[in-house]
Amino acid sequence: MNLPGRLQLGVAGGVRALFLTYFAFIGALSPYAALYFAARGLSIVEIGVLMSLPQALRIFAPAFWAWLADRSGKRVVLLRVSAAVAVATMLLFPAAASAPGFAALMLVLFFATAAQLPIAEAMALHVARGDAGRYGRLRLWGSIGFIGAVLLLGPLLDRWGVVTLPWLLA
């Protein structure tokens, strides 16, 4: 699909924003989720199990979403739906009261967010049209988001408390 120049630039901006926000989310959740669970009173074993769930979902969930995006041709719709589910799920974390409740939320959250990266990669490859430099410039925004989130969220959590993590991520 050949897009007009302005539309192509708009798609590239959307891909940059998607990489930025997806990896900011990962950069915020990866180092601080265990602290959040500890602050909510979970044991080390429970925290370990919860932190393993995203890795387990990465075995099949991205492939499912990529297949669904290819079959339906509705990448943007799938991105929006999965993002809405992720935000809604993050907003439910403060209501969870037990490890099984957190596990259910983690499964839904990471199943939903698993849609983001394969679809973003497909869109980035389409926009880059084989130009590795252009792809790299798009993908760079993911690194900026990750590093920015790790650096900025720590002081915010120190100030407001780690229990605000779900609200900040949502």
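If you wrap the tightest convex hull around every Cα atom of region 36-77 and split its volume per residue, you get 75 Å³.
Probing with 1.4 Å while keeping every protein chain in the model, the per residue accessible area of region 91-163 equals 51 Å².
Building the convex hull from the alpha-carbon atoms of region 66-136 and averaging its projection over directions returns 5.7 nm².
Within the accessible surface of the chain, defined with a 1.4 Å probe on protein heavy atoms only, the carbon and sulfur portion equals 70 percent. Compactness of the chain, taken as the C-alpha radius of gyration over 2.2 N^0.38 Å, stands at 1.10. Of 91, 50, 138, the residue with the greatest mean-square motion in the GNM of the chain, using alpha carbon springs below 10 Å, is 91.
Taking only the C-alpha atoms of region 34-108, the Rg (one decimal) and the largest Cα-Cα distance, Dmax (whole number), read 14.6, 43 Å.
Here the dipole of region 38-170 is about 420 debye; that uses its Cα centre as origin and unit charges on the Cβ of Lys and Arg (positive) and Asp and Glu (negative).
The values are calculated or read from the model by the stated rules, or taken from the named source; none is laboratory data. Everything quoted here is computed from the prediction, not taken from an experiment. We place every Cβ from the backbone using ideal geometry, glycine too, and count neighbours over all the protein chains shown. For accessibility, only protein heavy atoms count, side chains too; no ligands or nucleic acids. Shrake-Rupley method; radii C 1.70, N 1.55, O 1.52, S 1.80 Å.
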